[in-house]
Structures are given as structure tokens and as C-alpha cells.
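These notes concern the structure reproduced below.
The values are calculated or read from the model by the stated rules, or taken from the named source; none is laboratory data. Keep in mind it's a predicted model, so treat the numbers as computed, not measured. Because the Cβ atoms are built from the backbone with ideal geometry, glycine has one as well, and the counts that use them run over all protein chains shown. Ligands, DNA and RNA are stripped out before the accessible areas are found, and what is left, the full protein with its side chains, is counted by its heavy atoms. Shrake-Rupley method; radii C 1.70, N 1.55, O 1.52, S 1.80 Å.
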Amino acid sequence: MVRKTRLSRYFCRALPRKTAVAAFLSMANFAHAADTTLMNRGESVVVHAGDGSYEIGQQNHIVIHARVAVEMDHTWITSSNYPAHHVSESSFSDTLGHGRTVTVQCTGLPSRPELTYVVRLYDNIDAGDITVTVQNHTVQSVTVQAVRSVEALGDRPLKMGGSESSDRVLSDSFSEDWPPLKIYDLNQAPGGMLRAVGSQLIYNPQSRRSIFFGALSSDRFLTIMHLKVNPDVMHRPGIGSYTVDSTGTTEIQATDPESGLSRGPAKNLLELSLPLAPGSEIGSERLMFALGNNYHAILNTYGAAIRLLHHSRSGTGPMLGWWSWTAFYSDITEGNAWSNAQWLAEHLKPLGFDYFHLDLGYAYARGEYTTPNAAQFPNGLATPASKVCSLGLKMGFWTAPFEVSDRSWVYEHHKDWLLHNSQSEPINIGIGDEAGKEVLFVLDVTNPEAQEYLRATYRTLAKDWRAAYIKLDFMDNTAVEGDYYRPHTTALEAQRIGLQIIREAVGEHVLLDKDGSPMLNPVGLVDEGRLSQDTGHTFLRSKEAAPGIAARYYMQHNFFLSDPDALTVSRQLIEERQIQAPLTLEEAQVSVTLAAVSGGMFEIGDDLPTLGQDAERVALVTNPDLLQMVRLGKSSLPLDLMTYRREDEQPGVFLLQEDARQAMLAVFNWTERSNSHEFSFSDLALQPDHHYHVLDVFKPEEQPRFNSTGLQVEKLPVHSVELFKILDDSIPAQPPSVVAEVPTNGKVSQDLLFKAAAPDSPVPAIAYHWDFGDGVITDGATLTHAYTHADRFVAHLRVEGVDGLSFERDYPVTISGSMAIPVPKRYLDDTKKSLAPE
């Protein structure tokens, strides 16, 4: 809708009535040409045709005044540099909903391409988006280095409504590992810069207002936010500038202190520079913006948008199992792997732990994963993998798909398959310390021969080695701008090409796990995704990983199934990783609870026979309340994500509402001193007129302090967590409501489909158990089963619910016919010949 400008209202008040009417008609026409306003329930966008800028605000409060820009031929040109701005308004409808849109065409520079941007505001959700396009209508080619969707204007680039110095910023990082995801107050900004990749949330605790920017696409460019902080003499910092760019990965690679590129020669850091020929165009990535007083709702809206737009593979159920990385690292062998597989199958498989994952150490070299490390796996991998599968376990393998080491066959025979710099030299991305100091390079997946090599590698893993699950690691340090075989390919485009090849090679049913890459780029191709930094056998590792797990809670089942990394609970010491001391029992509780609150994967990183010697530690990974949290498949809500107390150092309070009757509350102490918390009924989303009782999961003998005012957690020890189960006695326990599709009849040997679900049940289902009545018993929501003889059977279904009660029902199935074993025609022909008279 179009609104009068403030200037027109001023003229109506200041002039005599007759003159004011004429002035109003004149100014109304000017306002229509100059200011176009879009509004939904809580947000507004104003576009100014005079200078091509726009404003985003909420409830008559402008939060940001900005313009767009493009870096062409290494020079920035903004929308304000163009003398003419043509504004038009229309409606739109897409996958996310409908709303109004404003298109601004910036023209009038004869020798420069035109700049067009589109701002859209949804009616049905409190969000909008911005895209920018550079169109070359000139007769000369130019190069484009970056397209800018947001360049904030004014002395206060972001006006959050409270004291600017109290702003708190959540900046998503390039990958889960680096830079480490932390939430900063302005005065804590490292080097005065809060750089984000993909998304950034700014929150003011005084006004409780948030503004969020997040990439909705990752087709070609990396989306980078730059929030620069200007400190002053009174130690009250302010925001100096704010921009959001679609560009390459070079800046990120150059600023990572761990990156081999940042420490290597400058010739390997190639700035992205894409040619823009006459008649062609380049567009930015689609950028979502949202404002509001509920940052959890904003993040949830963003996560749901990604799921819908990118058709995320978010249907994977809970994954529980064992991972060799923290237990043995590169010292994994056929012998210790088999011992762990046997222990897993005997002791934990009945609880759902059925994934068995070999990490680094099984392969000869990076980039050569189908050549086993003969010293540690003398019988290869096909036979050991088959043995593991015979235990009813599912094999998983670690890979770094786009890394190639100087020990590999590719490096020795096909350096032309590697990514090169402008001097036609393979780009060295650093040293792989874990496997004999290998020098690492990047596989150019745009090269057709390299593509076939990649395809053959993953076919072998899936088909010959029976991989049900494959981890894809180190995609961050291989996302490098360079001279690709396919001209003018960006690092993110190359990564998507490689991932598509892998997906097609392994098929739809092998699970792919993203480990090390921008969060958005692999969505739709992978099934699971690492959330945060590596955990391990120390409390510090858990503490460092926690902010990423908290901040990315909304990715669970929106981007992918969350992978919080392997949990560890034993006293095992690992010399290779220089772990100084084993976890205390309290620190082990922290590790296992942190994995559970993610609601995704639940992989044990300890040597299992060693763990089995400590019943108290085994009880942690078999705890029914923790396992139920994982099976439910929902991430816990980080209640204090942006509001944690400074003395708590980082978020530490997670609430999982399992159903209307019960919830799980985890309270971590990340500090070096004991602390206390008080939670009101409102804090915990509890009804004040209901009757509750609370159980301490790790100390069932203790009675938590819970009364009509709420819950008190007093003197929480250092390096510990309290996990509470909150039960609403006003709501009776119920079994889940289940809808089942079971065949009533079938033929002998026919594959019959048995399917159960609880889509609309107020009590979620967490496990499905089938007894087909012929002695076969198995688990799963959707299964096929073939009966081997005719009879009347009774299939029994039992579905566990979170309230502790199960849905149970019998289904009669009548099977007719007999088993006919087909005889090959060749055998029949041979038989006829043998019976024929001579």
C-alpha cells in the first residue's frame, strides 16, 4: 500500500486550508513517485525513488535505512550513484506465501550496467526478502566481485530502540568448526568486527527488538554480513557500519587463522571476479529479513522457509550408534573395530544403537577412500563391513570428498584433476596433521574425469562396502575460489556439483552427513548436518560446542537432521589428541545431555569395551529419559539464547516440550563458579492453575525446589548440568493415536507393506514394533514383509508414546498360494535333452 510521506503531512498542517489542499494534491503525486510503502502485520518497508534507498521498520520505528550496491571492476557503485530510479509495485505469490513487492530500477549511467533490486514483504508471515540484479546493457564487458543487498546509511546504522551499546549479536559462521560460533555483546567484538556467513541476528535486551538477515539461497555466492563496531572513549561501543554481500569465499579463507590458504602464498587466494558480458546479468542471493520481539519465532520462520524452498531431506529418523573418531582417531584397526561392533550389537543395539561408523584411519590417503590402509585393515574393508552388517548394524564411513593428498593416486597421476590458481599450479590448502602430514589439494569436480573418479569412489562405498551412512567432511577448506575446469565457476557452485554427483552415485537411501561446509549450501542433497565444533573428552570441548548447538536449534528437520558430533562419557584417555584428564561424572553428564538437547544424532565416541567396565557411565547412554529426547526428534528450545546473563558466559538453559503433559529442562553451568537460577511458570510455558511435579533425572533421590512460584536451581556446581522432567498431573497420561495401513490378505512370498504413523496425535510416538505373527519381529514405522507359507496370521503392532503408554492392536492377515520356485529355462532345456531318446 502507498502512504503519505511525513513531509506531505507537515505541509498540510503549515499552510492555509485552500493552499494546503492544492499542496496536498501536489505532494500526494510526489509521494507516490518518491515513497512506496509496504506493510504487513508488524513490519514496513519504505522505498525512496529520490535516491534509490529503502527503510525497514516496525510499528512506526525505522530500524535500518539502506541502499544496494555492486562491486564492478573493483569499484563500488551504489544505487544512490544512479541519477534515475524507477519504482513499481505489484503483488506476488510463491512457495512461502503471498504479499506485495517493490521493484527499483537504477539507471542513467551510460557506461555502467544498470542496477535493479526487488523488495518483497509477505502478508502471511512476518518476513520479507531482497534480491539485487546487475544488468549489462552497455557494449563492454565488466567484472563483478560482489553484489550488496544491504548497505546501512546514517550515523546509527541499526536503530534497535534501546541503548546501542547493549546490542547482542548472533553471527552464523562459515562452517560449524570455524570461526567458532559465539554470541557477542558489542564491546566483545573481536577486532571490532562481527562477521557472519549466511545469517545474523541482532537483539537489544532493553527494547527486546530483533532484526534478522538470512540467506534464502546459495546458488552461486556466499552471503557475508559485516557489522563493524566503533568503540568510544566512554566504553560504550556503537555500530559503525553494516553491510550484507553476495560474494566469493576468498575473504573467509583469508581470515581463518587455521586455513592453509591464509598461511600460504597470496597467489592461492584468488578473488572472485565474474565476467558480465553485454546483454547478460548477475543476481545476488535471495536475502530474508525479519523484525520482531520474538527472536525464536523469527529463527523458526527462517528454518521453515529453508525446508520449503530447498526441499530439505529432513525426514530421517533418529540415528544412534558408535563413532570411532574420539575413541581411536586414526589408530582404528580391523581388530578394535570388530570388538566395538560386537559390544555395540550385544549391549546397545536392542535400545536402537545400530549405526557403526569408521572415521579417519581406515583409508590409505585423503581422496583415496576405496584403497584401505593395509597396515590397519589387512583384509580390506569389504569383508569387515559385511561382518559388521551381519550383526544387524549399519555401516558408516568418514570421507573428505573434495580433498586430495600428495600420497593419493589422483595427485600422482592426474594433477590436471586438481583445482589450479591463475598460474596453473595446484592450490595447496594446507597440511593434514592427522594422517602422516599429508599435503592437501582440492579435487576439481567440474572436470569430467574427476567427476567419474568421484562417482566410482562413492559407488564402491555404497555398493561394495555396504555403507548406509557416509560423512562428508572438510568441505569448508575445499570451498576455494580458483581456476576451475568449467569456466567462471564459483566455489559454492563446484561444491553443489560435487554433492550432486555423490548423491546420484550412492542413491536415495544412503544417508549423507554434512561436516564442514556452509550450512545452507548442502541442504536438499544431504540428510544430516554437523551443528557445531568437535566435542571430545574434555569439558572445554563441550563448552565450545554448546553455542553452535543452541544457536542452530531451528535447523533440526528444517535444514537436515542435526548432528551434534560424538558424545563421550567414559574415563578413556586418548594420547594422540593430548587429552589431559578424563571426564568427571558430572562432565560426562554434560556431554550426553548436550547431545540429547539437539534432538538429532546420538553417537557414542568412547571405546565401548572400556566404557562397559563402568556401569555408572553406561547408565548415561542408556538413560530412558535421554533416549526418549533423541527418539522424539525435536531440538530443545534454548530459552536464554540471546538473554543469558553475562556471568553465565553463554546460553545454557534448554526446554523440550515433549507433549502437553511433560517437558524436559536442561540447565548447564559453563562457568568456573557455582550458580543459581529461578524459573517462573511463564518462563517454562507452564499453566499457573495446573498441578506439576518435577523429577531430577540424574539425582532421582533428590527433590527439586518447585512450588507455586516456579522452579529454583540453587548452587549448580561447576562443569555440570541439571536435567529435570516436569510432569503436569492435571493432564492424564495417554497412548499415541496411531493410524496404520496393514494388508488384510496377500500371496506367499509377496512383499507386503506395513505402515504406521501418528501424524495428528497429541502424544508423539517414539518407537514402532511389529510382530508379524510368523516368528519375525522387527522395528520401524514403515516396513515390508513377505510370508513364506499360506495361513491366517495376526500381525501385532505396538507403538510407544512419550507418556509411557503404548498403542497396541492386532491385524489379521490371510496369506494364500504356495511358494513356487521358478526353474531356469536353461535347466529345463538341459533336462529335456537328457530325457530325450538317443
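Side notes on the structure shown:
- GluC sites (Glu not before Pro) restricted to DSSP loop in the range 178-283 with at most 16 other C-beta within 10 Å: Glu258, Glu271
- In degrees, nearest ten, helix 491-506 long axis to first principal axis of the chain (Cα): 20
- At full extension, Arg645 and Arg673 could sit 8.7 nm farther apart than now, given 0.36 nm per residue minus the alpha carbon distance.
- With the simple spin-label model, which puts each label point 7 Å out from Cα in the Cβ direction, the Ala660 to His693 separation comes to 2.2 nm.
- A full extension of the chain between Ser280 and Lys387 corresponds to an added length of 32.9 nm, given 0.36 nm per residue minus the alpha carbon distance.
- With all protein chains modelled, accessible area of Lys755 [1.4 Å, Å²]: 90
- Helix 825-835 vs. the chain, principal-axis angle (Cα, 0 to 90°, nearest 10): 20
- A crude spin-label estimate for the pair Thr138 and Met193, with each label 7 Å from Cα along the Cβ direction, gives 2.9 nm.
- Seen against the Cα atoms of the chain and their longest principal axis, helix 585-598 is set at about 70 degrees.
- Taken one residue at a time, the phi angles of the range 743-754 give Karplus couplings (6.51, -1.76, 1.60, θ = phi - 60°) of x, 8, 8, x, 9, 4, 6, 7, 6, 9, 8, 10 Hz. Gly and Pro are set to x.
- Carbon plus sulfur fraction of accessible area for the chain, probe 1.4 Å, in percent: 51
- The distance separating the Cα centre of the range 122-146 from that of the range 243-320 comes to 16 Å.
- From phi via Karplus (6.51, -1.76, 1.60), per-residue ³J(HN,Hα) for the range 380-387 in Hz, x at Gly/Pro: x, 10, 4, 5, x, 5, 5, 5
- For Asp563, the residues whose modelled amide H falls within less than 5 Å of its own, excluding neighbours fewer than 5 places apart on the same chain, are Gly529, Arg530, Leu531, Met601.
- Considering only alpha-carbon pairs that sit under 8 angstrom and 6 or more positions apart, the relative contact order computed for the range 152-208 is 47 percent.
- Accessible surface, per residue, of the chain when the full set of protein chains is kept, probe 1.4 Å, Å²: 41
- Ellipticity at 222 nm from helices only: DSSP H runs of n ≥ 4 in the chain, each -39500 (n - 2.57), divided by the residue count, give -6000 deg cm²/dmol.
- Contact order, relative form, for the range 140-282: 30 percent (alpha carbon pairs under 8 Å, 6 or more residues apart, mean separation divided by residue count).
- Ranked by how many other beta carbons lie within 10 Å on average, peptides 95-102, 67-74 from highest: 67-74, 95-102
- For the range 358-515, the dipole from Cβ point charges (+1 on Lys and Arg, -1 on Asp and Glu) about the Cα centre works out to 720 debye, to the nearest 20.
- Arg455 accessible area, 1.4 Å probe, all protein chains in place, Å² to nearest 10: 50
- Counted charge near Ser93, where neighbours are those whose Cβ lies closer than 14 Å (Asp, Glu -1; Lys, Arg +1): -1
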